[in-house]
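Worksheet: the structure to be examined is printed underneath.
The values are calculated or read from the model by the stated rules, or taken from the named source; none is laboratory data. Quick caveat: nothing in here was measured; it's all calculated off a predicted structure. In this analysis, Cβ positions are derived from the backbone assuming ideal geometry, glycine residues included, and neighbour counts consider all displayed protein chains.
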Amino acid sequence: MQTYLVGGAVRDALLGLEVGERDYMVVGATPEQLLALGYTQVGKDFPVFLHPDTREEYALARTERKSGRGYTGFICDFGPEVTLEEDLRRRDLTINAIAQDQEGRLHDPYGGRADLDNRVLRHVSDAFAEDPLRVLRVARFAARFHHLGFALADETLALMRRMAAGGELKALTPERVWKETEKALATVNPQVYFTVLRQAGALAVLFPELDALFGIPGPEQWHPEIDTGVHTLMVLKRAAELGGDLPCRFAALCHDFGKALTPQEKWPSHHHHGELGVAPIEALCARFRVPTEHRELAILMSRWHILFHRLAEPSPEQAGRILELYQHTDAWRKPERFAQLLICAQADLQGREGFEHRPYPQRERLWQWLDELRQITAGPFVAQGLKGPAIGEAIAAARRQKLEALLAQA
């Protein structure tokens, strides 16, 4: 019986990255042998066991045979006769098909070390095409390792295109698609995930609302990059750079969905695209069961991002609209969410060709004004003897008076 460290732990150590979970592969053993050593079996379909002390996962070497469509249609064969090379051959990318034995020696039958050195994402074998989820996984790896200079091998991208064209992606469950997408959104360069999916022809299949934006022009004065799809991915990139959380990044991705619904004769103008974008956002969120906080922030961003931009030079006459913004975004009760909305709005302006370093003073101003206005509470008005709706009216009047004064100073 031989034990090997495999997968991401080996890859990340070779890249000089922090190693997270460690997965092990066992060659030359049976389930009964591991159980006798105190290991605990996990699940019934795959020979995976938990170490009695570390609780790390140990899997018997196995091979897989395609038995149906999708990513679940596999027959798993395992036993002491399955070799290290046979197990590694079923893995997705060469950089994930490197094993390290207990003496620290590397076993690299498919050229993973060379691809790590050359910063190439390359599939191990044609068996890659048997699992459509790998299209999303490779796109996620491209996003995760983009800052290190990794790029897809031409033959791997060509294979992904054939998989997308063959209809295999339609077998993916919404949960699996969203899980990969959520992980990709958390990377340093989440826009790369969607770029790769589009290059592979998968974006139109999985995210038609986003794919529809490519080729839609915006006014050159405000969008020198012209293409709305290009702008959207620039906004997503900027949101990540500004430290936006996952709901913020998702909102950045969805904020211009309504522009795909503008009649062509009205291009490059897109009047009312914020409200038009709500329906496709709702459709995407329902399809992938996107978390509520993501959906709510995306809808708020779609509806309100134009107003944010119009507040670059605020005046007292805009007090009513600003208070409406605070009210409809529930900023009084959820200031942290409003802070993410401000990040998203800044990313929208700066996610344009040549606009990357433009100042966005309204982010700081709107936050400061909100902080000051939230200090106006019910206590003093209750002390004056006001009751019921009169308290809310007094708070609103006081906040408006305060805001008008702040705007006069701006």
In region 260-296, anything buried (at least 24 other Cβ atoms within 10 Å of the Cβ) and in a helix (DSSP H, G or I) is listed as I281, H294
If we keep only residues of region 10-40 that are small (G, A, S) and either outside the structural domain of L50 (by TED's automatic domain parsing) or in a loop (DSSP other than H, G, I, E, B) (or both), then the residue nearest to G112 (Cα to Cα) is G16
When region 315-333 is checked residue by residue, the ones that are farther than 14 Å from I395 by Cβ and not aliphatic (A, V, I, L, M) are S315, P316, E317, Q318, G320, R321, E324, H328, T329, D330
Those residues of region 83-111 that are farther than 20 Å from V138 by Cα and buried (at least 18 other Cβ atoms within 10 Å of the Cβ) come to a total of 2
Does region 316-333 contain at least one residue that is among the charged types (D, E, K, R), closer than 24 Å to A240 by Cβ, free of Cβ contacts under 8 Å to residues at least 12 places away in the same chain and out of contact with any helix residue (DSSP H, G or I) (no Cβ under 9 Å at 6 or more places or on another chain)? no
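So in region 344-394, with the set limited to residues that are of a type in the set (D, E, K, R) and not in a loop (DSSP other than H, G, I, E, B), which one is nearest to I299 (Cα to Cα)?
Residues of region 344-394 of a type in the set (D, E, K, R): 348, 352-353, 356, 358, 363-365, 371-372, 374, 387, 393.
Now narrow it down to the ones that are not in a loop (DSSP other than H, G, I, E, B): 348, 363-365, 371-372, 393.
On the way: D348: 15, R363: 19, E364: 22, R365: 23, D371: 23, E372: 26, E393: 28 Å.
Step by step, filter region 344-394, then rank; the result is D348.
Going by the structure shown, is R249 under 21 Å from G277 (Cβ atoms), without any contact (Cβ under 8 Å) to a residue 40 or more places away in the chain, charged (D, E, K, R) and assigned to a helix (DSSP H, G or I)?
Details: under 21 Å from G277 (Cβ atoms): yes; without any contact (Cβ under 8 Å) to a residue 40 or more places away in the chain: no; charged (D, E, K, R): yes; assigned to a helix (DSSP H, G or I): yes.
Answer is no for this residue.
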When every residue in region 25-60 that is among the acidic types (D, E) and touching a Leu at 6+ places or on another chain (Cβ under 9 Å) is compared, the one nearest to E86 (Cα to Cα) is E57
On the basis of being surrounded by fewer than 16 Cβ atoms within 10 Å (Cβ to Cβ) and at pLDDT below 90, does F74 make the cut?
no
Checked pairs for region 125-153, first at negative phi, second among the small types (G, A, S) and surrounded by fewer than 20 Cβ atoms within 10 Å (Cβ to Cβ), C-beta under 7 Å and 6 or more apart or across chains, list as P132/G70; P132/A171
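Among the candidates T3, T54, T63, which residue alone is out of contact with any Pro (no Cβ under 9 Å at 6 or more places or on another chain), in a loop (DSSP other than H, G, I, E, B) and β-branched (V, I, T)?
Details: T3 fails: in a loop (DSSP other than H, G, I, E, B); T63 fails: in a loop (DSSP other than H, G, I, E, B).
Testing whether each residue is out of contact with any Pro (no Cβ under 9 Å at 6 or more places or on another chain), in a loop (DSSP other than H, G, I, E, B) and β-branched (V, I, T) leaves just T54.
Which residue, of L88, L148, is in contact with a Lys or Arg (Cβ under 7 Å, 6 or more places away or on another chain) and not charged (D, E, K, R)?
Details: L88 fails: in contact with a Lys or Arg (Cβ under 7 Å, 6 or more places away or on another chain).
So the residue among L88, L148 that is in contact with a Lys or Arg (Cβ under 7 Å, 6 or more places away or on another chain) and not charged (D, E, K, R) is L148.
Could you please let me know if P247 is of a type outside the set (D, E) and surrounded by fewer than 22 Cβ atoms within 10 Å (Cβ to Cβ)? Explain how you work it out, then say what you get.
Details: of a type outside the set (D, E): yes; surrounded by fewer than 22 Cβ atoms within 10 Å (Cβ to Cβ): no.
Criteria not met by P247.
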The number of residues in region 172-198 that are in contact (Cβ under 8 Å) with a residue 12 or more places away in the chain, in a helix (DSSP H, G or I) and surrounded by fewer than 16 Cβ atoms within 10 Å (Cβ to Cβ) is 2
If we keep only residues of region 154-170 that are surrounded by fewer than 16 Cβ atoms within 10 Å (Cβ to Cβ) and touching a residue at least 12 places away in the same chain (Cβ under 8 Å), then the residue nearest to H123 (Cα to Cα) is E155
Residue set L341, L349, L386, L325; condition crowded, with 20+ Cβ neighbours inside 10 Å and not assigned by TED's automatic domain parsing to the domain that holds D245; output residue L325
